Amino acid sequence: MLEQFPQVRESFSRAVRLVSTARMREAALAGLIDTNEEADELAEIEGATSRRLVAQTRGVEGLSANSLISGRPNQGFINAAFVYAQPRSPNRFNGTSRGAWYAALETETAIAEVGHHMTRHFSEVSNFEGVVEYAELFADFIGLFADLRGAAAAECLDPNSKVGYPAGNLLAEEAIAADLNGIIYPSVRHAGGTCLAVLWPHAVQDVTQGGVYRLTWSGTPNYKVEQIA
């Protein structure tokens with residue numbers, strides 16, 4: 001499948017990924033810590049139970065510990081994107097055991113993507129009531145990518161996840177085997193937008209935090225977007 005698409009050397013500056021602000025909050029027990037010894041004990045508990053921290057020592061399926069990032073600002077966000085795959089729900093370009101860093105070239109596209117998936121979640125539970133806040137994470141990328149920008153009709157870009165996701169996972173596996181940094185593709189959820197699926201932690205560079213957006217569902221699939229920080 002990979003041979004159907006050109007491989008291009010590209011660089012991208014400040015591509016945006018949206019992350020739920022819930023992932024940025026301090027440990028739930030942090031408020032109970034009074035001494036350095038208690039802080040060490042909390043760190044030991046987290047190290048034993050956090051999939052990200054365990055992966056940084058032992059690796060995960062399809063990704064060795066050496067492939068993960070250390071010694072960089074915001075390394076936790078980078079590593080988490082790759083080790084916290086959804087065990088029962090693959091995404092377009094990653095399966096259930098290994099994640100990817102999804103980003104867009106425009107914040108509007110990133111909002112459309114996460115908004116679509118949250119709306120689908122609310123549809124599954126038949127309740128379109130909820131508020132989710134997302135923070136921007138900007139990152140830079142350079143290297144070889146499979147380029148799908150001229151292939152909007154490709155099977156892996158089918159809006160139906162039952163069609164598009166299996167094909168996309170196959171393409172991602174081939175791109176990983178070929179040591180490509182990732183896949184560039186037209187957004188399936190935002191006409192005219194461009195997305196990236198970055199397949200290796202080392203390819204995610206210079207991560208910085210940006211603004212915060214609140215998405216509100218009030219009884220219908222249509223949601224309200226407001227920037228709050």
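Coordinate-derived values only; no laboratory data. Note that the structure is predicted; figures quoted are calculated from it, not measured. Using ideal geometry, Cβ is built from the backbone for each residue, glycine included, and neighbour counts are taken over all protein chains shown.
Computed values, structure above
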read-out	value
Peptides ranked, highest mean first, by Cβ atoms within 10 Å: ranges 8-14, 205-211, 172-178	172-178, 205-211, 8-14
The range 95-229: C-alpha gyration tensor shape, a/c 1.5 cut-off, then a/b vs b/c	oblate
Globularity ratio of the range 161-229, using Cα Rg and 2.2 N^0.38 Å	1.48
Reciprocal of mean inverse Cα separation for the range 76-128 (Kirkwood radius, Å)	12.4 Å
Share of alpha-carbon pairs per 10 Å distance bin for the range 131-183, given as whole %	21, 39, 33, 7, 0
Shape call, the range 99-163: gyration tensor on alpha carbons, a/c limit 1.5	oblate
Two-site FRET efficiency, residue 202 against residue 108, from Cβ-Cβ distance with R₀ of 35 Å, rounded to 0.05	0.80
Chymotrypsin sites (Phe, Trp or Tyr not before Pro) within the range 139-229, DSSP loop, no more than 10 other Cβ atoms inside 10 Å	none
Label-point separation, residue 124 to residue 144 (7 Å along Cα→Cβ), nm	3.6 nm
Simple label model, 7 Å out from Cα along Cβ direction - residue 216 to residue 20, nm	2.0 nm
FRET efficiency, residue 226 to residue 4 (Cβ-Cβ, R0 30 Å, nearest 0.05)	0.15
Cβ crowding within 10 Å averaged over residues, with 163-169, 195-201 ranked highest first	195-201, 163-169
